[in-house]
Amino acid sequence: MTPGPFARVAAAAVFDEKMPAAALRVLAAVASYADAAGVCFPAVSTIADRLGLTRRMVQRHMRALEVGGYVERQTTKRSRGGFGANLYRLRFPAAPVPERASDATPHVASSALADATPHVATHATPHVASSDATPHVALTRPSNKTIGTRAQADTRDGAEWNTLCDRLKARHGFNHATACEVAAIACMQAGGAARLDTLMAAAEASGTSAHDKIMAAVAGAEAA
C-alpha cells in the first residue's frame, strides 16, 4: 500500500488526554493508508519503519487506539489456511466539547483573597544512589498505563526532558521519536531521569555509546 498525501483522524483522539502523542502519530500513519471508507491494511513493520519506532511500540499504541475506540481491527484468513493481514477501520467518535475558561474560573471576592493564607507546596528531592560502577538502568513502566507524552514530561521537568532528549539524539544515535519516548519514560519515574543521565555520562566518559544498553533497558521494561 502507498500512503496518501493527508490523513483524516478523529478529533476525539486529539483531545483525549489519556492518549500519548506517539499513539496519535501511529493513528495518523495508519489513516494515511485508508481509503474513502476509512479501511486499510498496512503492516505493523511498515508503520514502525516510517515512524522510527519498534514493532512492539507500534503494537502497544495500536491496542491503546483500539481501546479508545479510534481504530477497529479485524483479522483476516487466507484461502489456504492461516491468518492474513490485519484489516483496520478508522472510527470517529464524537469529540468532547472543551470547557470555556469563563465557565471554569470561579469568582472570588477581593475580601476573601485578602484573608486567605496561600498554601505553598513543597517538593521532596528524590534520593539517587551513587556507585562507581556503570549503573544498570531499569526504566520500568507501570501496568495498565500508557507512556508519558511530551506534555506530561514537561509538567514534571521540561528542562530535564529536553536535555535528555537532545543528548540521546546527539551523542547516542537515537532518532527523534525514540529519543523523545525514552526521555519521557525516564522523566515520569522517580529517579529515572537521574539514572538515565548517569548511564549516559558513564558511556560518554569511556568514549562509547549507551544506545544498546538503553534500548535493552526499555525492551526489558516492555516485556515486564
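Quick note: the coordinates plus some simple rules give every number you see, no bench work behind them. Please read all numbers here as calculations on a predicted model, not as lab measurements. All Cβ positions, glycine included, derive from the backbone under ideal geometry; neighbour counts span all protein chains shown.
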For this session: In nm, give the distance between the simple-model label positions of Thr208 and Val14, each being 7 Å from the Cα along the Cα-to-Cβ direction.
Result: 4.6
Exercise. What's the exposure ranking of Val9, Val26, going from fewest to most Cβ atoms within 10 Å?
Worked result: Val9, Val26
For this session: May I ask you to sort His61, His172, His211 by Cβ crowding, counting other Cβ atoms within 10 Å and putting the fewest first?
Result: His211, His172, His61
Exercise. Ala43 to Lys169: FRET efficiency via 1/(1 + (r/R0)^6), r the Cβ-Cβ distance, R0 22 Å, to the nearest 0.05?
Worked result: 0.25
For this session: Provide Thr46, Thr198 in ascending order of the number of other Cβ atoms located within 10 Å of each residue's Cβ, fewest first.
Result: Thr46, Thr198
Problem set entry | Charge tally in the Cβ shell below 14 Å around Ser209, where Lys, Arg are +1 and Asp, Glu are -1, Ser209 excluded | +2
Seminar exercise, completed: Over all viewing directions the Cα convex hull of segment 24-74 casts an average projected area in nm² of 3.3
Exercise. Quick one: if you stick a label point 7 Å off each Cα along the C-beta vector at Phe6 and Glu66, how many nm between them?
Worked result: 3.0
